Amino acid sequence: MSSKWTGKSWGTLGDSITEAGGYQPLVQAELGFARVVNYGKSGCTMTAGGERDYGATTHIGKAIDTSLDCVTIFAGVNDFRLDKPLGELGTGDIYTFYGAYASVIEDILTKNPACRLSLWTPLQRDKDQYDIFYVNAAGHRLSDYADAVVAIGRRYALPVLDLYAESGFNSWTLPHFTSDGLHPNETGHRRIADMVVPFLNRL
């Protein structure tokens with residue numbers, strides 16, 4: 001199959017769901033990417049700070065290949081789990097979710113303005129009592145981080161894949177799509193890929 005991405009390169013930023021490398025081969029097979037670079041870091045947040053600062057997406061994203069044709073950012077679920085503050089849209093404080101996200105977006109687009117950058121919201125989850133109703137120590141629900149990604153996309157005119165709202169991952173289906181209420185199984189990665197393929201094809 002030929003697509004606009006045939007022969008192109010794709011970099012995937014994110015956490016353990018990305019690092020697992022489950023959805024990328026499925027998307028690559030359908031869209032024809034010649035090269036896929038997986039920058040996922042398990043257990044890490046978008047936001048800087050804390051014990052897992054080494055893998056914060058805001059840092060990792062600033063060191064990626066600047067020749068990539070397509071870059072996707074799939075983060076937020078660990079920011080919720082690890083109580084990262086949202087902060088405010090329009091700030092550059094990398095110790096807040098909004099600021100960290102804005103910082104990495106601006107860095108990527110400054111170095112590689114031609115790349116097609118897109119943002120993906122976190123999936124719904126239900127693991128270790130951290131579900132969509134849980135309010136973390138920062139005072140936020142998981143939906144607040146998903147809403148923040150949507151707002152950031154609008155601020156930077158970047159397309160957003162709203163997996164939180166449209167993937168079908170919810171408390172009734174998580175046993176089918178995940179191994180533990182959080183990490184997608186083979187069926188879950190297939191569902192993600194089925195959403196990613198038309199999303200990237202329309203960009």
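Okay, residues lined up against (1) touching a helix residue (DSSP H, G or I) at 6+ places or on another chain (Cβ under 7 Å); (2) within 18 Å of GLY43 (Cα to Cα); (3) among the β-branched types (Val, Ile, Thr):
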residue	(1), (2), (3)
ASP93	yes, no, no
ASN112	no, no, no
ASP126	yes, yes, no
ASP147	no, no, no
LEU174	no, no, no
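The residues of the stretch 73-116 that are assigned to a helix (DSSP H, G or I), in contact with a Leu (Cβ under 7 Å, 6 or more places away or on another chain) and not hydrophobic (A, V, I, L, M, F, W, C) amount to a single one, TYR98.
Limited to the stretch 41-72, what total is found for residues that are crowded, with 17+ Cβ neighbours inside 10 Å, β-branched (Val, Ile, Thr) and not in a strand (DSSP E or B)?
Start the filter on the stretch 41-72 by keeping residues that are crowded, with 17+ Cβ neighbours inside 10 Å, which leaves 41, 44-48, 52, 55-61, 64, 68-72.
Then drop every residue that is not β-branched (Val, Ile, Thr), which leaves 45, 47, 57-58, 60, 64, 71-72.
If we keep only those that are not in a strand (DSSP E or B) as well, we get 45, 47, 57-58, 60, 64.
Qualifying residue count, the stretch 41-72: 6.
Cβ-Cβ distances below 7 Å connect the following pairs, each with a first residue in the stretch 18-37 that is surrounded by 17 or more Cβ atoms within 10 Å (Cβ to Cβ), a second residue that is assigned to a loop (DSSP other than H, G, I, E, B) and charged (D, E, K, R), and a separation of six or more residues or different chains: GLU19/LYS41; PHE33/LYS8. Go through TRP10, TRP5 for me and flag whichever is in contact with a helix residue (DSSP H, G or I) (Cβ under 6 Å, 6 or more places away or on another chain), under 21 Å from CYS115 (Cβ atoms) and surrounded by 22 or more Cβ atoms within 10 Å (Cβ to Cβ). Result: TRP5 is the single residue among TRP10, TRP5 that is in contact with a helix residue (DSSP H, G or I) (Cβ under 6 Å, 6 or more places away or on another chain), under 21 Å from CYS115 (Cβ atoms) and surrounded by 22 or more Cβ atoms within 10 Å (Cβ to Cβ).
Quick note: the coordinates plus some simple rules give every number you see, no bench work behind them. The structure displayed is predicted, hence computed values, not measured ones. Cβ coordinates were reconstructed from backbone atoms using ideal geometry, including for glycine residues, and neighbour counts include every protein chain displayed.
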